[in-house]
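What follows is a set of notes on a single structure, which appears directly below.
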Amino acid sequence: MFKKLDILIIRSFIGPFVVTFFIALFVLVMQFFWLYMDELIGKGLSVWMIVQLLMYMSATLVPLALPLSVLLASIMTFGDMGENFELVAIKSSGISLLRFMRPLLVFIGGVTGFAFFFNNNVIPVANLKALSLLYDVRNSKPTLNIRPDQFNNDIQGYSIRVGSKDEDGFTIHDIIIYDQTDMVGNNKVIIAKKGQMIPTADKQTLIFRLEDGWRYDEQYDHGHHAAEYPQTRMHFAKWDKVFDLSSFNFTRTNQDLFKNAYQMMNVGQLKEVLDSFDRNENVTVKSVSSYMAPYVTIANKLKEDTALGKKINASAGGTGTYTTSFIDLIPEDKRLVMLQTASNNIRNLKSLMDNNSLNDKLQKENYMKFSVEFHRKFALSFACMLLFLIGAPIGAIIRKGGLGLPLVFAVVFFITFHILNITGEKLAKSGSLPPWAGMWMSTILLFPIAVWLIVTARNDSQIFNKELYLRAWRAVKGFFSRKDTNLA
């Protein structure tokens, strides 16, 4: 009996889980697409390039889609069973809610393990592919688009204007081209009545085949007055102006440049980097004294046989301290040099300490980022189990299936979890909380709620039953109505 019951609950859960996972993933991917739409459109990207980017980004969004789908599927599964009175029948047979949840606990444990494997092994590779590709896309130039009656400056060193374009998209009229490649202004101008835009087969160059035009070339010469610059004017019946379009090509950056980022590392690599931060911190603290030693010489042992040492000892009277001003012990002809040297030493020491402090600050910020990423892989994996422990009892309490009320509860709890997760991450990165506390904050705060919901569901509580609150409202309303009647 128990084996059949376990198979029943798992079968009931897998369907909604798979469907909601792909729905959640699709929504998250579309959110990314709309966020970066302006940077993707108009850059001549191939369909395959966009598909690649969406595939890589889909992989990076799986850690968020999994907990949401687990939460929604668990609420739907247990809500549907409660609505069909299957939970009532199971409880009446003496089977507790926890025993009924046990096969799904094992299944979600497997999902949690898969989530950690995915976060640790697939996400670093997907981040490397996705972020490097996104970087190249965002830094690539848009495709050349010459519009009528507008100056186009996309081709470096040229400003192009066409009066009109025919329907074929290639024939142009009233062309003006300012050639600024000499970096001295608009000293070269090309004007033509008509022409054609002819791209080469390899898309590397664009030919303007111009007809009935003039070329103006003004030669700047520092030996002449501005009004005396020589200008050459040449008429042409047909002339080809060639533009280099190689800068518009989409080029890929070497992915090795991104490999040292914390998003591209697994747990073992992150742990190794964190250990190196600890070792470097000890070295940084010890290096402060070595920075100060050449400048703070008062801490060094003074040789008594030097002239300055003898004067200090004589001023101190053998007591180890002296009452005479230290500057008075310096010969007058050397005091200015001494003061300048001391001032320079102080500035140099301050500069060294500032650089050391800035380096220490940057090291701590990087340490926080790597440590946050280390704990993220565990926290987001355990989130699957946490949200199941919240979703299952909620479904058993509300006793509603489908995508209506369960979706509302799922969205509310997931948004709460996501906000707490983001807040904890920001607090951890700012140093307000230890990295482990920031990344596990959502789990620490929501786990007691999960326990309370499980206890409430076991006791068949009606906390989410609207009839309970309607009866309470009617009772309160009736109480005040009777009170008003008595007063009257």
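Please treat every number below as a calculation from the coordinates, not as lab data. In this text, all values refer to a predicted model and were calculated from it rather than measured experimentally. Reconstructed Cβ throughout: ideal geometry from the backbone, glycine too, with neighbour counts over all protein chains shown.
Values as computed for the structure displayed
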read-out: Separation in nanometres of the label points that stand 7 Å from Cα toward Cβ, at ILE10 and MET234; value: 8.2 nm
read-out: Too-long pairs where the Cα-Cα distance tops 18 Å, listed order kept, from LYS129/LYS203; LYS377/LYS426; LYS364/LYS426; LYS129/LYS271; value: LYS129/LYS203; LYS129/LYS271
read-out: Which of THR341, THR60 has the fewest Cβ neighbours within 10 Å, and the rest in rising order; value: THR341, THR60
read-out: Residue order, fewest to most beta carbons within 10 Å, for ARG233, ARG399; value: ARG233, ARG399
read-out: Vicinal HN-Hα couplings computed from phi for segment 426-438 (Karplus, 6.51 cos²θ - 1.76 cosθ + 1.60; Hz; Gly/Pro x); value: 5, 5, 5, 5, 7, x, 6, 10, x, x, 5, 5, x
read-out: ³J(HN,Hα) computed for each position of segment 129-136 - Karplus, 6.51 cos²θ - 1.76 cosθ + 1.60, integer Hz, glycine/proline x; value: 5, 5, 5, 5, 5, 5, 4, 5
read-out: Neighbourhood net charge (9 Å Cβ-Cβ; Lys/Arg +1, Asp/Glu -1) for TYR216; value: +1
read-out: Residue exposure sequence - HIS235, HIS173 - by fewest surrounding Cβ within 10 Å; value: HIS235, HIS173
read-out: Table column - 3J(HN,Hα) (Hz), segment 190-201, Karplus curve with 6.51, -1.76, 1.60, x for Gly and Pro; value: 10, 10, 9, 7, 8, x, 9, 9, 10, x, 6, 4
read-out: Efficiency of FRET from Cβ geometry, GLN255 and SER351, R₀ 41 Å, rounded to 0.05; value: 0.65
read-out: Relative packing of 376-383, 4-11, which averages over residues the other C-beta atoms within 10 Å, highest first; value: 376-383, 4-11
read-out: Cβ charges +1 (Lys, Arg) and -1 (Asp, Glu), total dipole of segment 158-248, debye; value: 160 debye
read-out: For LEU433, distant residues with modelled amide H under 5 Å away; value: ALA428
read-out: By average C-beta atoms within 10 angstrom, highest first, the peptides 113-119, 78-84, 269-275, 358-364; value: 78-84, 113-119, 269-275, 358-364
